[in-house]
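Colleague: The structure is given below, and queries will be raised subsequently.
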Amino acid sequence: MAHSLSAEKRIRQNAKRNARNRARKAELKSVMRKTQAALAGSDVAAAETAVKAAIRKLDRDSTGPTLHRNAAARRKSKLARKLNALKAGKK
């Protein structure tokens with residue numbers, strides 16, 4: 001239990017930030033699942049739009065404390081590789 005006012009405020013702030021980051025991570029996971037499903041399919045146009053949305057979400061989340069920018073870059077690279085493989089397979 002916190003003994004000072006500043007420690008109590010810090011607990012409240014941490015709880016808010018924790019909830020915010022959890023919501024962002026959950027939303028990111030759902031976007032990534034949709035993108036993976038689109039990449040597993042055969043529709044290149046749907047996969048491109050899904051990858052574009054996922055990259056936008058990764059960029060947004062990597063600017064704050066939710067996701068490290070190198071982790072976002074790694075995930076974006078992985079999505080781009082899969083999209084390019086899908087495009088190459090369609091030609």
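The values are calculated or read from the model by the stated rules, or taken from the named source; none is laboratory data. Please read all numbers here as calculations on a predicted model, not as lab measurements. Every residue, glycine among them, receives a Cβ derived from its backbone with ideal geometry; neighbour counts consider all protein chains shown.
Colleague: Which condition from (1) more than 12 Å from the chain's Cα centre (by Cα); (2) surrounded by 15 or more Cβ atoms within 10 Å (Cβ to Cβ); (3) over 17 Å from ALA37 (Cβ atoms) is the one that LYS82 breaks?
Modeller: Result: LYS82 fails condition (3) only.
Colleague: Can you tell me which residue is surrounded by the fewest Cβ atoms within 10 Å (Cβ to Cβ) among those in the stretch 36-67 that are over 15 Å from LEU83 (Cα atoms) and of a type in the set (D, E, K, R)?
Modeller: This residue is ARG56.
Colleague: I would also like to ask the following. What number of residues within the stretch 1-20 satisfy the criterion of being modelled with pLDDT under 95 and assigned to a helix (DSSP H, G or I)? Break it down stepwise before answering.
Modeller: Initial filter on the stretch 1-20 (modelled with pLDDT under 95): 1-3.
Now narrow it down to the ones that are assigned to a helix (DSSP H, G or I): none.
Qualifying residue count, the stretch 1-20: 0.
Colleague: For the stretch 34-45, state whether one or more residues are of a type in the set (Asp, Glu) and assigned to a helix (DSSP H, G or I).
Modeller: Scanning the stretch 34-45 turns up no residue that is of a type in the set (Asp, Glu) and assigned to a helix (DSSP H, G or I).
Colleague: Continuing with the same structure: Counting only residues that are surrounded by fewer than 16 Cβ atoms within 10 Å (Cβ to Cβ) and in contact (Cβ under 8 Å) with a residue 24 or more places away in the chain, which one in the stretch 21-35 is farthest from SER77 (Cα to Cα)?
Modeller: ASN21
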